[in-house]
Amino acid sequence: MGVGVADQPAVVRQLRLEADGVVSVSLTRPDGLPWPAWAPGAHVDIVLPTGITRQYSLCGSPDDRDTYRIAVRRQVRSRGGSEYVHAFLRPGQNLAIRGPRNNFPLREHDRYLFIAGGIGITPILAMVRETAERGKPWRLLYAGSSAAGMAFTGELAELGGVVECYVSDRCGRIPLDDLLSEPRVGTGVYACGPETLLTAIAERMTHWPPGALHIERFASRPKPTRPDTEFDVRCARSAKTVTVPPGQSILDALVGAGVPVTASCREGLCGTCETAVLDGTPDHRDDILDERERAANDRMFICVSRAVGPRLELDI
Ligand SMILES: Cc1cc2nc3c(=O)[nH]c(=O)nc-3n(C[C@H](O)[C@H](O)[C@H](O)COP(=O)(O)OP(=O)(O)OC[C@H]3O[C@@H](n4cnc5c(N)ncnc54)[C@H](O)[C@@H]3O)c2cc1C
Ligand code: FES
């Protein structure tokens, strides 16, 4: 359950099968007012009637302020999120959502290379549409395990750029070596998909200019195995100092001390618990910040990240 984040009521207007195992859900507001504005790369938290909260990228058009569209892949070993959407969600049903929030914004580049694997196409679809509208050159490489399971190929084909589909049971994998061996100044690379694909892209782009690669993860990576140490968190706004013992997150320690905090995924994925760092060095353990953002040491995700050293001061 989220902590301290306002839920907004939403009504399921339409469910549509977009591909094998992928259903899109269109959501409107029950009061008929427009949804808050969003930009490509944004996601919302969906709070299901079972109480489970999951993040889903917005994949409709930001110009359509009446509808938020998400698309959900049914996970084989679901703990309840995607399974509920596929098995039980029906038009007319009421839900709650939080957000939108954007940890994957589309930055300014001369040209764009988009790489999507499977359901990772959802944020990329909105980005490709925006790039096409801006008239910037773009190319999309979209990989899937079967053609029948790849959503939105029809919508993508209408956008007028270069879309190359790689179906692993037919024509193999995206040729990452050919694609990324030469760094291209001015090209922004945006990738979303399974961890194996994202790791392979990052490994091949270590010699590209800083800021060229932008990644969104839908699932958390294994956390570092370095041991936790105890440290103090000085909360500047609430003027409290809270001790965080090994094995407890900063978030849980602050909740226990009565400090107001916001959280959703508690895995370092969604960005809800982002907190500004005023002093001290964070031990970043999230799956959101890139190396440059980590090195800035000006913000952290307190559901998973800890402190290097005995003390942190946070703007909380
Ligand atoms: C920013 C963001 C955007 C996202 N956008 C989308 C989107 O557009 N579309 C979409 O379909 N999903 C998206 N996701 C993923 C989504 O939030 C859910 O994680 C997904 O639907 C799976 O939820 P679930 O409850 O069905 O499965 P979960 O129970 O959360 O499991 C997911 C997978 O993890 C593995 N797993 C399950 N339990 C365990 C366990 N105990 N230990 C180890 N592994 C386990 C299984 O392989 C399973 O298939 C996004 C996630 C983030 C963070
Ligand atoms: S609660 Fe999701 S990143 Fe911390």
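Side notes on the structure shown:
- Between 209, 183, 222, the distinction of being open to solvent by 80 Å² or more (accessible area, probe 1.4 Å) and either in a loop (DSSP other than H, G, I, E, B) or modelled with pLDDT of 95 or more (or both) belongs to 222 only.
- All conditions but one from (1) touching a residue at least 40 places away in the same chain (Cβ under 8 Å); (2) assigned to a strand (DSSP E or B) apply to residue 241; the one that does not is (1).
- Criterion (at pLDDT 95 or above, of a type in the set (S, T, N, Q) and open to solvent by 60 Å² or more (accessible area, probe 1.4 Å)) met by exactly one of 229, 241: 241
- Hits in region 249-275 (condition: in a strand (DSSP E or B) and either within 6 Å of ligand 2 (Cβ to nearest atom) or outside the structural domain of residue 301 (by TED's automatic domain parsing) (or both)): 263
- If you filter region 211-229 down to residues that are farther than 18 Å from residue 303 by Cβ and not β-branched (Val, Ile, Thr), you find that the one that is farthest from the chain's Cα centre (by Cα) is 227.
The values are calculated or read from the model by the stated rules, or taken from the named source; none is laboratory data. Since the model is a prediction, treat every value here as computed from it, not as a measurement. Cβ sites come from the backbone with ideal geometry, for glycine too, and all protein chains shown count toward neighbours. Areas reflect the complete protein model, heavy atoms only, side chains present, ligands, DNA and RNA absent. Shrake-Rupley method; radii C 1.70, N 1.55, O 1.52, S 1.80 Å.
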